[in-house]
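Asks: So that we are looking at the same thing, I have put the structure below in structure tokens.
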Amino acid sequence: MRDEGLSLTTIADLTAERIRRVAAALRTKRGDSKVDLGFRKYHLSNSNIRAWDPKPSNLEKTLFDSVEHVLKERNETDLLSELLLKLGLDMCVPVSARTIAGREIYSVADGVLIACLVPSIDSDDVEALAAGIVEWHRELSPHVSTTCVFLDNAFSDDVAKVNLTAILQQHGIKNVRSL
């Protein structure tokens, strides 16, 4: 296969490019915009979460260094992919996103997992965020219990975290976890 200036150095690169070209040809031929012709391409990497590595000589510094446990160069998509793996969900389940209270929220497998992986959640935003998640959860109406995940250090304080968890649990989302 001749490429037009593309750098196809691996079988994975070649395969991805072939899939893109076939999808483009099908879109042109069929004109059906409702057919999902996309795909996901993953790269094997280390965890997005810094491993706990205590230094007995300076435990206090180790504790403070570990407060930010998500690696800085990682993004929400990286974290979401790792959550899928850790929760035993198939990597090709549908993922949708919605902005609620100004934050990007993800629904995986039609509500089996709801994740908010933003770096900050203020106390003032907790009620609107929880209400939006509850409403979306009702729309999705998952047939199994939902796990809702947030970044632990995203909360402005413990009160915000406790209030958000309580609101979600009062509305039937019993499994609220933090990463």
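Asks: Using the Karplus curve 6.51 cos²θ - 1.76 cosθ + 1.60 with θ = phi - 60°, what ³J(HN,Hα) values do you get for each residue of segment 35-51, in whole Hz, with x for Gly and Pro?
Replies: Working through the residues one at a time gives 7, 7, 10, x, 8, 10, 10, 10, 10, 6, 8, 6, 4, 7, 10, 5, 6 Hz.
Asks: Measuring from label point to label point, each 7 Å out along Cα→Cβ, what is the A24 to H143 span in nm?
Replies: Using points 7 Å along Cα→Cβ, the separation is 3.9 nm.
Asks: Where the convex hull is taken over the Cα atoms of segment 27-170, what is its projected area averaged over directions, in nm²?
Replies: Over all viewing directions, segment 27-170 projects a mean Cα-hull area of 11.6 nm².
Asks: Something else about it: What residue among A23, A115, A97 has the largest mean-square fluctuation in a Gaussian network model of the chain, using Cα springs under 10 Å?
Replies: Taking springs between Cα atoms under 10 Å, the residue moving most is A23.
Asks: Distance between the C-alpha centers of segment 109-179 and segment 30-75? Whole Å please.
Replies: 20 Å
Asks: What are the lysines whose alpha-carbon lies under 29 Å from the alpha-carbon of K174, with same-chain residues fewer than 8 places away excluded?
Replies: K86, K161
Asks: Read phi for every residue in segment 120-128 and hand back ³J(HN,Hα) as whole Hz from Karplus 6.51 cos²θ - 1.76 cosθ + 1.60, θ = phi - 60°, with x for Gly and Pro.
Replies: Per residue, the Karplus-derived 3J(HN,Hα) values read 8, 9, 8, 4, 5, 9, 4, 5, 5 Hz.
Asks: Could you list log10 I(q)/I(0) for segment 90-178 at q = 0.12, 0.17, 0.19, 0.22 Å⁻¹, which the Debye formula gives when each Cα is one point scatterer?
Replies: Log-scaled intensity ratios, in q order: -0.31, -0.62, -0.78, -1.06.
Every number in this text was worked out from the coordinates using simple rules, so none of it is lab data. A quick note: this is a predicted structure, and the numbers were derived from the prediction, not measured. Please note: Cβ atoms are built from the backbone with ideal geometry, for glycine as well, and neighbour counts cover all protein chains shown.
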